[in-house]
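The values are calculated or read from the model by the stated rules, or taken from the named source; none is laboratory data. The structure displayed is predicted, hence computed values, not measured ones. Virtual Cβ from ideal backbone geometry, glycine too; neighbours counted across all protein chains shown.
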Amino acid sequence: MITLKDMLREGKAYLQAREPGTFALDADLLCMKAAGLTRAQLYTRGHTEQDEETSARFWSLLRERGRGVPVAYLLNSREFMGLDFYVDRRVLIPRPETELLVCAAAARAGLGPSRVLELGTGSGCVAVAVAWHCPRTVVTAADISAEALEVAALNAGRHLTEGAVNFILSDLFGNIPNYESYDIIMSNPPYISWAEYEELDMAVRYEPRLALDGGRDGLDFYRRIAPEAGARLKPRGALMFEIGAGQGAETAAIMGANGFKNIKIEKDLAGHDRIIIGESGGDEND
């Protein structure tokens, strides 16, 4: 038998040789999962002996992490906008910077009734968070991946009443009824260029390439969405994207060429271009 303290010490040493940047936190989280403990219990029960089954679970998780599997996949959990989301290899892991997209949509939707469409919902974190923080908003979320929509529906069921988000299997606008119009169309599309993809950390490359690959220059999906979005928006409706660092000027040009006005770019905490918002034309009194 091995004590919890010794098991954790050995696990940290194992990860330190493979994932030196985050080894201590990773080992803590994986030990908590394997032993079914809270963080407080992890450090107050150090001298308790652990059975072989718990040790085996812990080492199985450690070996997966040592191969580069992201911790979020091993825990099947990632916090986003104050909510816990289920994640696995079918979907992209939610990033903190994507919260800026939710905040932009929530600020625009306000407390009044609004209709929001999200393209490429993945885990559903954006759509669910918008619906959670703006309960009078009608949210539709689309994805080309049926597997991703299974995860998104699971997350909606965790946090929302049934039907709060309408999920549609669709390649962008492909299956979105053309008679529907929206106050906001939003997307965190794949925006990694082919060259950038080859340089990604191993952990990121465990995530679905479908959710990362933005084409040769990373801008393919902005070029596909912007031309169709204007016709799907209400007058003075907003098109919102998350963008990669340094993509602001090019994405603004794409949106401007497709009739969007009042285009603005918001930066993340690191000072990188992160969110771009443009308004459709038309008279809101029409």
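Annotations for the structure displayed:
- Near pairs, Cβ below 6 angstrom, 6+ apart or cross-chain, from segment 66-94 (under 19 Å from PRO20 (Cα atoms)) to any residue that is among the acidic types (Asp, Glu) and surrounded by 20 or more Cβ atoms within 10 Å (Cβ to Cβ): VAL71/ASP26
- Selection from segment 197-219 of residues that are over 25 Å from ILE254 (Cβ atoms) and among the small types (Gly, Ala, Ser): ALA203
- Among the residues of segment 120-151, the ones that are assigned to a loop (DSSP other than H, G, I, E, B) and under 13 Å from the mean Cα position of the chain (by Cα) come to 5 in all.
- Flag for VAL116 being closer than 24 Å to PRO70 by Cβ and in contact with a Ser or Thr (Cβ under 8 Å, 6 or more places away or on another chain): no
- Hits in segment 82-92 - residues which are within 17 Å of VAL126 (Cα to Cα) and either of a type in the set (D, E, K, R) or surrounded by 20 or more Cβ atoms within 10 Å (Cβ to Cβ) (or both): ASP84, PHE85, VAL87, ASP88, ARG90, VAL91, LEU92
- The residues on offer are ILE184, ILE176, and the sole one that is buried (at least 16 other Cβ atoms within 10 Å of the Cβ) and part of a strand (DSSP E or B) is ILE184.
- Search result, residues across segment 131-148 that are surrounded by 15 or more Cβ atoms within 10 Å (Cβ to Cβ) and closer than 18 Å to ILE185 by Cα: ALA131, TRP132, HIS133, CYS134, THR137, VAL138, VAL139, THR140, ALA141, ALA142, ASP143, ILE144
- Which listed residue is at positive phi and charged (D, E, K, R), from ARG205, ARG209, ARG223, ARG236: ARG236
- Some residue of segment 97-116 being assigned to a loop (DSSP other than H, G, I, E, B), in the same structural domain as ALA229 (by TED's automatic domain parsing) and at pLDDT 95 or above: no
- Every pair of residues 6+ apart whose Cβ atoms lie under 9 Å, when the first sits in segment 236-251 and is modelled with pLDDT of 95 or more and outside any helix (DSSP H, G or I) while the second is β-branched (Val, Ile, Thr) and surrounded by fewer than 19 Cβ atoms within 10 Å (Cβ to Cβ): ILE243/ILE265
- Members of segment 1-49 found to be exposed (fewer than 13 other Cβ atoms within 10 Å of the Cβ), outside any loop (DSSP other than H, G, I, E, B) and under 29 Å from the mean Cα position of the chain (by Cα), listed by number: ARG39, ALA40
Yes or no, residue by residue, for (1) in contact with a Phe, Trp or Tyr (Cβ under 9 Å, 6 or more places away or on another chain); (2) more than 18 Å from THR121 (Cα to Cα):
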site: ARG205; (1), (2): yes, yes
site: ARG209; (1), (2): yes, no
site: ASP220; (1), (2): yes, no
site: GLY237; (1), (2): yes, yes
site: GLN247; (1), (2): yes, yes
site: GLU250; (1), (2): yes, yes
site: GLY256; (1), (2): no, yes
site: LYS264; (1), (2): no, yes
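- Residue check for SER77: touching a helix residue (DSSP H, G or I) at 6+ places or on another chain (Cβ under 8 Å) and not aliphatic (A, V, I, L, M): no
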